[in-house]
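Read-outs: derived from the displayed coordinates by stated rules, not from any lab. Note that the structure is predicted; figures quoted are calculated from it, not measured. We place every Cβ from the backbone using ideal geometry, glycine too, and count neighbours over all the protein chains shown.
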Amino acid sequence: MPKRQSLKELQERLAQRLTAAKTESVTATWLALEAGGQRLLLPLVQSGEIFPWSTVQPVPYTKPWYVGVANLRGGVHGVIDLAALLRGDAARSPVRPAERVTSDSRLVSLHGALGLNAVLWIDRLLGLRNPGAFRAVADRPADAPPYATRVLIDESGQSWLELDLQLLVNEPEFLAIAA
């Protein structure tokens with residue numbers, strides 16, 4: 001009899017959890033990350049898979065922020081140094097990418113709906129964020145690229161730059177990788 005009772009309790013708890021999961025909505029809106037010491041937010045609906053750092057084959061005669069190509073799950077993806085892209089680096093860094101990679105480095109792919117096989121090289125992931133994590137919205141900096149849509153201020157006063165990946169992939173400068 002005790003086994004039957006515990007099984008029934010387990011089924012009831014599972015049913016309650018399933019009901020709660022159906023009624024609760026997912027509130028995470030952004031993937032929070034860091035690149036070049038800057039806190040950034042990528043919309044989850046525009047972000048794809050997250051990969052550990054992979055071997056990247058350099059591509060000559062490309063812009064400084066275009067690191068090369070990587071084979072990820074059988075697909076060839078362009079690897080973009082997000083920190084260098086945001087800084088607008090005009091010259092390639094003398095430090096090779098392999099020397100800058102840490103155990104926290106990740107490659108974040110663009111969502112397939114954006115139509116571009118590219119990954120963004122970031123320094124580290126900082127988790128998921130929802131609108132409730134921020135207390136204020138500020139205008140984007142005047143020198144920010146067009147795909148940097150706004151700055152959000154969190155509860156601890158930290159600034160986060162929101163990037164619109166759809167605007168990024170439509171940016172002519174981003175699509176023209178030749179140096």
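Name the residue from 170, 58, 156 whose Cα lies farthest towards the positive end of the charge dipole of region 30-175, charges +1 on Cβ of Lys and Arg and -1 on Cβ of Asp and Glu.
Projecting each Cα onto the dipole axis, the largest value belongs to 58.
Give me the dipole magnitude in Debye, nearest 20, for region 30-175 about the Cα centre, with unit charges on the beta carbon: positive for Lys and Arg, negative for Asp and Glu.
Its charge dipole is roughly 220 debye.
Hey, what did region 28-99 get for relative contact order, percent, Cα under 8 Å, at least 6 apart?
22
Going toward the positive end of the dipole of the chain, with +1 on Lys and Arg Cβ and -1 on Asp and Glu Cβ, which of 18, 42, 120 do you reach last?
Looking along the dipole axis, the top candidate is 18.
Assuming 0.36 nm per residue, please report the length gained on full extension of the stretch residue 166 to residue 44 beyond their Cα-Cα distance.
Full extension of this stretch gives 42.7 nm more.
Tilt of helix 2-23 relative to the longest C-alpha principal axis of the chain, in degrees (0 to 90, nearest 10)?
40
Between region 107-122 and region 39-63, how far is it from one alpha carbon centroid to the other, in angstrom?
That distance is 6 Å.
Based on DSSP, what percent of beta bridges with both residues in region 64-179 are antiparallel, to the nearest 5?
Rounded to the nearest five, the antiparallel share is 85 percent.
Considering Cα pairs under 8 angstrom that are at least six residues apart, work out the relative contact order of the chain and quote it in whole percent.
25
Where Rh denotes the Kirkwood radius from the mean inverse Cα pair distance, what is Rg over Rh for the chain?
1.12
As a footprinting exposure proxy, order 171, 162, 34 by other Cβ within 10 Å, with the fewest listed first.
171, 34, 162
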